[in-house]
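Here is the structure we will look at, set down as structure tokens.
Coordinate-derived values only; no laboratory data. What you see is a predicted model; the values in this text were computed from it and never measured. Ideal geometry is used to build each Cβ from the backbone, glycine not excepted, and the neighbour counts take in all protein chains shown.
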Amino acid sequence: MTYRTFLVIIQNEDDVDRVLQFAIPLVEQTKGHLIGLHTEAIPIAYSSPVGFPEAEFMQATSEVNAERAAKLEEVFRGKVGPLGISHDWRSLESFSGDSGVSGLSSARSVDLVVVAQPSPHAQTPAADVETLIFDSGRPVLIAPFSGPLTTTFKRVLVAWNASREASRAAFDALPFILAAEHTEVLVVDAEDNPARPADRAGEGIAATLRRHGANVSVARLESGRRGIDEVIVQRVAERAIDLVVLGAYSHSRLREFLFGGVTRTVLKSMAVATFMSR
């Protein structure tokens, strides 16, 4: 299996350069097709003090939006075109103006979605990455908002808890795992049960990946008083990991929203590329 069709979500001027710098080498490696997608908000009508719609305001807003979309398309084509990459551009409008939400339909027809990690320092709202992961049905590769952008993933970490989501992510990420020099299956707080003894946790998925030709080892750690997300972040730093593979939302999305969770923490703070699938 090889990724052939990529969708890159471009929300605004804050992320266009970085997310393209991340996505383009991946497309070049597979000689694939790259779709760029950006969404602008539809101006919402409001009334003047005398009760008439502010037509001039709406017209001015539409023109600004059109100019921004055209500028982002120009940046996209200017970076992709000279490289001879097969590509196309999709410019959309929606009431939210969120490229992640508007990109769901396009995402469902591609091999891999590439999007920027929301930056806490951005001046404008980021794309809704959580909705992409939860509703697209496709794997999502997230470019970290800071630090070096590595697209040759030599060391991969697969966070494994034997859930459906973890299984989906591991197999969706197989092209990256096979290309890596080494992959570590990380199990945190392994549960002991007759079907899967704690001291053998992770061995099943590791054996399957090895049969595909991957170089895989298993690490089993205890969290102690730390959160599982903290254990993963620390392991990534210790092992100089280039790519984290994670099954998203093993618990309900509402529970993660209310009480926090690994998915949300990783989305906010992971310092390396993250591959999420559900």
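Structural remarks
- Cβ crowding within 10 Å ranks I24, I42, I133 as I42, I24, I133, fewest other Cβ atoms first.
- Which of D14, D242 has the fewest Cβ neighbours within 10 Å, and the rest in rising order: D14, D242
- Normalised by the number of residues in the chain, the average gap of Cα pairs under 8 Å and 6 or more apart makes the relative contact order 20 percent.
- Inter-part distance where segment 147-165 and segment 180-226 are each reduced to a Cα centre, Å: 14
- Rounded to the nearest 5, the antiparallel percentage of DSSP beta bridges internal to the chain is 10%.
- 15 Å Cα-Cα reach of K79 towards aspartates and glutamates, excluding residues that sit fewer than 8 places from it in its own chain: E13, D15, D17, E28, D88
- Average Cα contact separation per residue, segment 5-143, under 8 Å, 6 or more apart, as relative contact order %: 35
- Amide H within-cut-off set for A143, under 5 Å, with H built and near neighbours excluded: V115, A116, Q117
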